[in-house]
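Have a look at the structure below, then the notes.
The values are calculated or read from the model by the stated rules, or taken from the named source; none is laboratory data. Since the model is a prediction, treat every value here as computed from it, not as a measurement. Cβ placement follows ideal geometry from the backbone for every residue including glycine, while neighbour counts extend to all protein chains displayed.
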Amino acid sequence: MMNLKVTVLFFSEADLRLRDETLELQVGDGGRAIIPAEYKEGKQIIAVLAGECHLLNRIGDRVLPLSSAEILTDIDFE
């Protein structure tokens, strides 16, 4: 069976942060990477990318909380 290096983008149920991990996975007869069931546990898989990729910016990076009074005065909502 052939192997394929992939990068998996997923949310961890432990902290709900978008994460990435590079894996070496087996390829099934249909040509798809086979992600083991035990790897999927505790994760919401968003995407599987071919090769080794590096996530440079995650959802939520540089986002400021609108609940902060200081922030609310600096934002023009119009």
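Tabulated data
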read-out: Pairs where the first residue, in the range 31-55, is of a type in the set (D, E, K, R) and the second is assigned to a loop (DSSP other than H, G, I, E, B), C-beta under 7 Å, 6+ apart; value: LYS43/GLU13
read-out: Within the range 22-35, tally of residues that are loosely packed, with under 11 Cβ neighbours inside 10 Å, modelled with pLDDT under 95 and at negative phi; value: 2
read-out: Flag for GLU13 being at pLDDT 90 or above, surrounded by fewer than 12 Cβ atoms within 10 Å (Cβ to Cβ), acidic (Asp, Glu) and under 17 Å from the mean Cα position of the chain (by Cα); value: no
read-out: Top-ranked residue in the range 49-58 [being in a loop (DSSP other than H, G, I, E, B) and surrounded by fewer than 11 Cβ atoms within 10 Å (Cβ to Cβ); ranked as modelled with the highest pLDDT]; value: GLY51
read-out: Considering residues of the range 4-44 that are touching a Leu at 6+ places or on another chain (Cβ under 8 Å) and among the basic types (Lys, Arg) only, the residue nearest to ARG58 (Cα to Cα); value: ARG19
read-out: Count - residues of the range 10-35 that are hydrophobic (A, V, I, L, M, F, W, C) and not in a strand (DSSP E or B); value: 4
read-out: Some residue of the range 36-48 being outside any strand (DSSP E or B), of a type in the set (A, V, I, L, M, F, W, C) and exposed (fewer than 13 other Cβ atoms within 10 Å of the Cβ); value: yes
